[in-house]
1. On a full-extension model of 0.36 nm per residue, what is the gain between Lys131 and Ser258, subtracting their alpha-carbon distance, rounded to one decimal in nm?
2. So I have (1) 16.7; (2) 23.8; (3) 18.9, and one of them is mean projected area of the Cα convex hull in nm² calculated from this model. Which one is it?
3. Determine the sum of side-chain charges near Thr280: Lys and Arg each +1, Asp and Glu each -1, restricted to other residues whose C-beta is under 12 angstrom from that of Thr280.
4. In whole percent, and with a 1.4 Å probe on the protein chains, what portion of the accessible area of the stretch 177-297 is carbon and sulfur?
5. Please report Rg over Rh for the stretch 177-297, where both radii come from the alpha carbon positions and Rh follows the Kirkwood definition.
6. If we sort 281-290, 126-135, 96-105, 7-16 on the protection proxy, mean other Cβ atoms within 10 Å, highest first, what's the order?
7. In degrees between 0 and 90, to the nearest 10, how far off the longest principal axis of the chain does helix 34-47 point, with axes built from Cα atoms?
8. Compute the acute angle (0 to 90°) between the alpha-carbon long axis of helix 207-226 and the principal axis of greatest extent of the alpha-carbon atoms of the chain; round to the nearest 10°.
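The values are calculated or read from the model by the stated rules, or taken from the named source; none is laboratory data. Note that this is a predicted model, so its numbers are computed, not measured. Every residue, glycine as well, gets a Cβ built from its backbone with ideal geometry; the counts of neighbours run over all protein chains shown. Surface accessibility is based on the protein's heavy atoms, side chains included, excluding ligands, DNA and RNA. Shrake-Rupley method; radii C 1.70, N 1.55, O 1.52, S 1.80 Å.
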Amino acid sequence: MDLLKFKNKSLYLYNTRIENIVHQRETPFYLYSVDQIKKNIKQIKSSFKNFKPLVCFAIKANSNLSILKELKKNNLGADVVSIGELKLALKAGIKPNKIVFSGVGKTDKEIKFAIQKGILSINAESKNEIKLINNISKKLRKIINIGVRINPNIKAKTNRKITTGNKVNKFGISISEFLDVIKNKNNFQNINIFLLSVHIGSQIKDINVYKKVLNLISKILLKLKKLKHSINYVDLGGGMGIPYFKKEKKFDFKKFGSEISKFYKKEKIKIIFEIGRFITGNSGYIISKILFTNFLE
């Protein structure tokens, strides 16, 4: 947290001594800096000012309702992965047309609720899920816009436990499967595939891996044109890494924004990001007291 500092061996947030806050409430508790969150959002938006994407906060990163309300004030949308997160986003006042529903294993109940609330997109992760969304939409007598998440088979330089864009990962469908769905879209009369989604993992700091994703998406968009199918949105996910230690490398958002800007100028397509950790990861601490100290004799 940039705004948390030591002064005369005491910890301060702005000009407020943390010890004074501790006297006012029971520990442990989480202490968040709204200004730090705003600073992070400003950094993101300034890097993306040339194409102004929809930034959807990944609620799995922090589900604190007060924080979600603050994000809504800053015109952020929401990326949700469950009906509980969707309800939280709506409770925070985030408009349905700024909400995307990602994640594997969505239930019939969750899909039905999302359709009824009229959210921007339900991002399907498999052929079976595409069929399920179509069937539920048919029962509700609706035709809805959905996204499809592809698995780009691109390895990100991060912990292998949190990669999501490799072919061995459970997320998304292969490119060939996706194109097959488009070729047979007449089998799905109650959905319109208007969004292409891709997310390759978390704690990524290498810009080059995102460049590979953008090049791949351009090739897919070209194939879609040949199939006479148009896409309105590209959802590039999130995964931008943050430093946990002083010597760790920081994610270069300015350089990242420049690469995305090139892609936008070429493709002229609306862009969505699902950013979580980068927005709130350095904004809060858990504050606790030491109850006992034991010393070996």
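1. 42.0 nm
2. (3)
3. Once all neighbours under 12 Å are counted, the net charge is +3.
4. 52 percent
5. Rounded to two decimals, Rg over Rh is 1.20.
6. Highest mean packing first, the order is 96-105, 126-135, 281-290, 7-16.
7. Computed tilt is about 40 degrees.
8. So the inclination is approximately 20 degrees.
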